[in-house]
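Asks: Below are the structure tokens for one structure; questions will follow.
Nothing in this text is a laboratory measurement; each read-out follows from the coordinates by a stated rule. Keep in mind that this is a model prediction, so the values were computed, not measured. Because the Cβ atoms are built from the backbone with ideal geometry, glycine has one as well, and the counts that use them run over all protein chains shown.
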Amino acid sequence: MERDAIFAGVPVIETPRLILRGIRADDAEAIFATFSDAETMEYYGEEPHRTLEDSREHIRAIAGWFARREGIRWGVTLRAGGDEVIGSCGLFRFDEDFDRAETGYELRRAYWRQGIMSEAMRGLLDFGFGELGLHRIEALTDGANERSQGLLRSLGFTPEGILRERFAWHGRFHDEHYFGLLRDEWLASTRRHSPLS
């Protein structure tokens, strides 16, 4: 897929249980249901949303990133659950030649521990290394966010370093853990898990 076509409208990504689509203005209540939860936002680096307007502003920011080709954020929806956004995942901080990007994600707490974000991220990684032609995808996590680190490891990301006390949040400094995944590593992993291999 040509990059101009990708940024003409958020491409839809389909997996066995999920549809990843662009986030729309009418998703504000669903976004609020996720982003207003303190436990979901514990490691997000932002305060939980307090009003629906906070969520509307977040959606406007996502649209702005996309318009400037700075990021793509997909709303995660269940095929069997209507069209409600229950989380999101994205690619952003593209380098100039689109060889590298960063990823991030969040999921409403009611849907944790069901393999949903793992499945969504597999779709995202296929798209990033395939249609976008990325060479490397990076992820950063709070040092205490063991769930996120476990997800990244399960997807094949390699821990590449720890920046000690890199950012301040809620009155104390936190370590930041860096992970990276290369295109060849992802392709080798998907071939190993292919039913045809």
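Asks: Would you be so kind as to identify all helices of the chain, as entire DSSP H runs, whose Cα atoms reach 15 Å or more along the helix's own axis and whose mean Kyte-Doolittle hydropathy is at least 0.5?
Replies: 116-129
Asks: While we're here: Suppose every K and R has +1 on its Cβ and every D and E has -1 on its Cβ; what is the size of the dipole of the chain about the Cα centre, in Debye to the nearest 20? It would help to have the intermediate numbers written out before the result.
Replies: Details: 26 positive and 35 negative charges, 101 e Å.
For this selection, approximately 480 debye.
Asks: Quick one: plug the Kirkwood hydrodynamic radius of the chain (C-alpha pairs) into Stokes-Einstein at 37 °C, 0.692 mPa s, and report D in µm²/s.
Replies: 189
Asks: Over the range 3-192, what is the relative contact order in percent, taking alpha-carbon pairs closer than 8 angstrom and at least six residues apart?
Replies: 17
Asks: With N set to the number of residues, divide the alpha-carbon radius of gyration of the range 33-110 by 2.2 N^0.38 Å and report two decimals.
Replies: After normalising by residue count via 2.2 N^0.38 Å, the value is 1.17.
Asks: Right, here's the next one. Determine the calculated [θ] at 222 nm for the chain from helices alone, applying -39500 (n - 2.57) to every DSSP H run no shorter than 4 residues and normalising by the residue count; nearest 500 deg cm²/dmol.
Replies: -9000 deg cm²/dmol
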